[in-house]
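The values are calculated or read from the model by the stated rules, or taken from the named source; none is laboratory data. The shown structure was predicted, so the numbers you read here are calculated from the model rather than taken from an experiment. Using ideal geometry, Cβ is built from the backbone for each residue, glycine included, and neighbour counts are taken over all protein chains shown.
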Amino acid sequence: MQEEHREDSPDLRNQKLHINIVKREVDIEGEKIYLTTLEFNLLVYLTRHPNRVLTYQQIYEAVWEEPYFCQKGNIMTHISHLRKKIETKAKGICRIENMRGVGYRMIIQNL
């Protein structure tokens with residue numbers, strides 16, 4: 001598994017999860033998952049950095065594209081919504097782990 005994925009890659013996929021960057025579509029085992037713009041951007045950012053702990057600051061500045069200033073609660077809320085939409089359907093495929101006091105890590109198989 002690659003540590004990071006190319007930023008210009010049009011797709012992120014494994015056997016069950018497919019993220020089409022150009023069309024901004026996500027499906028898990030062929031079922032479309034409907035995400036908000038922020039949820040989609042979060043998923044793409046986390047997925048491009050599998051198994052790597054990303055700080056709240058890194059996540060916020062990459063996804064919201066503005067300086068981080070105590071936005072931990074905002075990030076946590078959007079991650080919670082994203083988890084509800086993908087983790088129940090993606091069991092064994094991917095999960096988002098909270099690294100208490102630091103940030104999050106996307107655990108994903110064979111992307």
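For segment 78-91, what are the residues that are without any contact (Cβ under 8 Å) to a residue 24 or more places away in the chain and not polar (S, T, N, Q)?
Across segment 78-91, the qualifying residues are R83, K84, E87, K91.
Among (1) closer than 18 Å to R24 by Cα; (2) under 12 Å from the mean Cα position of the chain (by Cα), there is one condition P50 misses while meeting the rest; what is its number?
(1)
Mind telling me which of the residues E39, E65, E61 ends up being of a type in the set (D, E) and not in a helix (DSSP H, G or I)?
Matching residue, one of E39, E65, E61: E65.
Inspect segment 102-111 for any residue being in contact with a Cys (Cβ under 7 Å, 6 or more places away or on another chain), free of Cβ contacts under 8 Å to residues at least 60 places away in the same chain and surrounded by fewer than 19 Cβ atoms within 10 Å (Cβ to Cβ) and give the result as yes or no.
Checked against the condition, which is being in contact with a Cys (Cβ under 7 Å, 6 or more places away or on another chain), free of Cβ contacts under 8 Å to residues at least 60 places away in the same chain and surrounded by fewer than 19 Cβ atoms within 10 Å (Cβ to Cβ), segment 102-111 yields at least one hit.
Given the structure, is V53 out of contact with any helix residue (DSSP H, G or I) (no Cβ under 7 Å at 6 or more places or on another chain), modelled with pLDDT of 95 or more and either surrounded by fewer than 15 Cβ atoms within 10 Å (Cβ to Cβ) or under 15 Å from R105 (Cβ atoms) (or both)?
Here the answer is yes, as V53 does meet what is asked.
So if I check each of N20, N14, which one is surrounded by fewer than 14 Cβ atoms within 10 Å (Cβ to Cβ) and out of contact with any helix residue (DSSP H, G or I) (no Cβ under 7 Å at 6 or more places or on another chain)?
N20
Among the numbered criteria (1) touching a residue at least 24 places away in the same chain (Cβ under 8 Å); (2) within 20 Å of G101 (Cα to Cα); (3) among the hydroxyl-bearing types (S, T, Y), which single criterion is violated by Y45?
(1)
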